[in-house]
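Worksheet for the structure shown next.
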Amino acid sequence: MTTAIIVAAGSSSRMKTNISKQLIELDGIPVIIRTINVFEFLSEIDSVLIVTRKCDIEIIKKLVSEHNIKKVSAVIEGGSTRQESVFLGLSHLNSGNDDIVLIHDGARPFVSASHIKEIISELRSGSSKAAAIGVPVKDTIKQTNERGYIKNTPDRSKLVSIQTPQGFRYGIIMEAHKKARELNLSVTDDCAVIEALTSEPVKVITGDYNNIKITTPEDIILGEAIIAKIQNNT
Ligand SMILES: Nc1ccn([C@@H]2O[C@H](COP(=O)(O)OP(=O)(O)OP(=O)(O)O)[C@@H](O)[C@H]2O)c(=O)n1
Ligand SMILES: C[C@](O)(CO)[C@H](O)COP(=O)(O)O
């Protein structure tokens, strides 16, 4: 069984709109529907769980039905942090330890189906129990001290900007998230709980720069441009 958890329960504060950024339409289609559809059309995915704000549950259920989406098993309420929303999503599933779960941001509508398939193959082959999509960083990254001065320059050839989906065997990600809560460990992605609390290696699958996270108003313009580019290539 392979399930995708799509987290869309954030407050969209950096987008500065009065609706969730996942409900904003890009070329006439809401971001959340674009995101769900990538998983809907993949035969490797059995079901999709949506985690969202209480006020958006009915709106998303209606959109899912209007777009004739079949794989969404439930739309549930998230928490006050992304980590909490993921934990609630994982806890809702009735999965076995060896089942595969992919965790994806509702705000990343341009994820490529082929990269999702690569994550699933990596997990199914048994080569890894945890894998995520990432892209090489383009800028030179500096580490700074608390006073804002540069401390050092990490070797850029080893740096990746991590994206979603991040995929796991259910047992290890559920356990790691439970432990993180007990230890009050706060993280901004799901690989981080595996890195911090297990000895499991996490494979990075090289993705692409289209898989942006819609975060600030400029990303709407960028998103429309990505759609135009994809349409011109097909
Ligand atoms: N409590 C939260 C916070 C975030 N997310 C989701 O996690 C993804 C990545 O988060 P981010 O882009 O930071 O979204 P927001 O938290 O909504 O953004 P902001 O920080 O601007 O408020 C998004 O799909 C978002 O909906 C979530 O499900 N629950
Ligand atoms: C999980 C994530 O998308 C990886 O890049 C990201 O960390 C989540 O976004 P946030 O802005 O850090 O909440």
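The values are calculated or read from the model by the stated rules, or taken from the named source; none is laboratory data. These numbers come from a predicted model, not from an experiment. No Cβ is skipped: glycine too gets one built from the backbone with ideal geometry, and neighbour counts run over all protein chains shown.
Got a number for residues in region 107-142 being away from ligand 1 (no atom under 16 Å from the Cβ), charged (D, E, K, R) and either without any contact (Cβ under 8 Å) to a residue 12 or more places away in the chain or out of contact with any Leu (no Cβ under 9 Å at 6 or more places or on another chain) (or both)?
So the count comes out to 6.
If P217 satisfies all but one of (1) surrounded by fewer than 16 Cβ atoms within 10 Å (Cβ to Cβ); (2) touching a strand residue (DSSP E or B) at 6+ places or on another chain (Cβ under 6 Å), what's the number of the condition it fails?
(2)
Is it true that E40 is within 14 Å of ligand 1 (Cβ to nearest atom) and within 16 Å of the chain's Cα centre (by Cα)?
no
Can you tell me which of S65, S95, S73, S20 is of a type in the set (S, T, Y), in contact with a helix residue (DSSP H, G or I) (Cβ under 6 Å, 6 or more places away or on another chain), at pLDDT 95 or above and away from ligand 1 (no atom under 16 Å from the Cβ)?
Exactly one of S65, S95, S73, S20 is of a type in the set (S, T, Y), in contact with a helix residue (DSSP H, G or I) (Cβ under 6 Å, 6 or more places away or on another chain), at pLDDT 95 or above and away from ligand 1 (no atom under 16 Å from the Cβ), namely S95.
For region 7-16, enumerate the residues that are within 18 Å of the chain's Cα centre (by Cα) and either part of a loop (DSSP other than H, G, I, E, B) or more than 9 Å from ligand 1 (Cβ to nearest atom) (or both).
A9, G10, S11, S12, listed by residue number.
Taking the criterion of being within 16 Å of ligand 1 (Cβ to nearest atom), touching a residue at least 24 places away in the same chain (Cβ under 8 Å) and among the hydroxyl-bearing types (S, T, Y), would at least one residue in region 203-211 satisfy it?
No, every residue in region 203-211 fails to be within 16 Å of ligand 1 (Cβ to nearest atom), touching a residue at least 24 places away in the same chain (Cβ under 8 Å) and among the hydroxyl-bearing types (S, T, Y).
Checking P165 against (1) in a strand (DSSP E or B); (2) out of contact with any His (no Cβ under 9 Å at 6 or more places or on another chain); (3) within 16 Å of ligand 2 (Cβ to nearest atom), only one condition comes out false. Which one?
Tallying (1) in a strand (DSSP E or B); (2) out of contact with any His (no Cβ under 9 Å at 6 or more places or on another chain); (3) within 16 Å of ligand 2 (Cβ to nearest atom), P165 fails exactly one: (2).
If a residue counts only when it is free of Cβ contacts under 8 Å to residues at least 12 places away in the same chain and more than 16 Å from ligand 2 (Cβ to nearest atom), which strands (runs of 3 or more DSSP E) contained entirely in region 17-106 have at least 3 such residues?
By residue number, no strands (runs of 3 or more DSSP E) qualify.
T188 passes all but one of (1) outside any loop (DSSP other than H, G, I, E, B); (2) within 16 Å of ligand 1 (Cβ to nearest atom); which number fails?
The single condition T188 does not satisfy is (1).
For region 155-170: of the residues being surrounded by fewer than 17 Cβ atoms within 10 Å (Cβ to Cβ) and under 27 Å from R108 (Cα atoms), which is farthest from ligand 1 (Cβ to nearest atom)?
So, considering only residues that are surrounded by fewer than 17 Cβ atoms within 10 Å (Cβ to Cβ) and under 27 Å from R108 (Cα atoms), the one farthest from ligand 1 (Cβ to nearest atom) is S157.
In the list I226, I173, I212, which residue meets the criterion of being aliphatic (A, V, I, L, M), surrounded by fewer than 20 Cβ atoms within 10 Å (Cβ to Cβ) and either away from ligand 2 (no atom under 16 Å from the Cβ) or under 18 Å from A4 (Cβ atoms) (or both)?
Exactly one of I226, I173, I212 is aliphatic (A, V, I, L, M), surrounded by fewer than 20 Cβ atoms within 10 Å (Cβ to Cβ) and either away from ligand 2 (no atom under 16 Å from the Cβ) or under 18 Å from A4 (Cβ atoms) (or both), namely I226.
For I119, only one of the following conditions fails: (1) out of contact with any strand residue (DSSP E or B) (no Cβ under 9 Å at 6 or more places or on another chain); (2) among the aliphatic types (A, V, I, L, M); (3) buried (at least 18 other Cβ atoms within 10 Å of the Cβ). What is its number?
(1)
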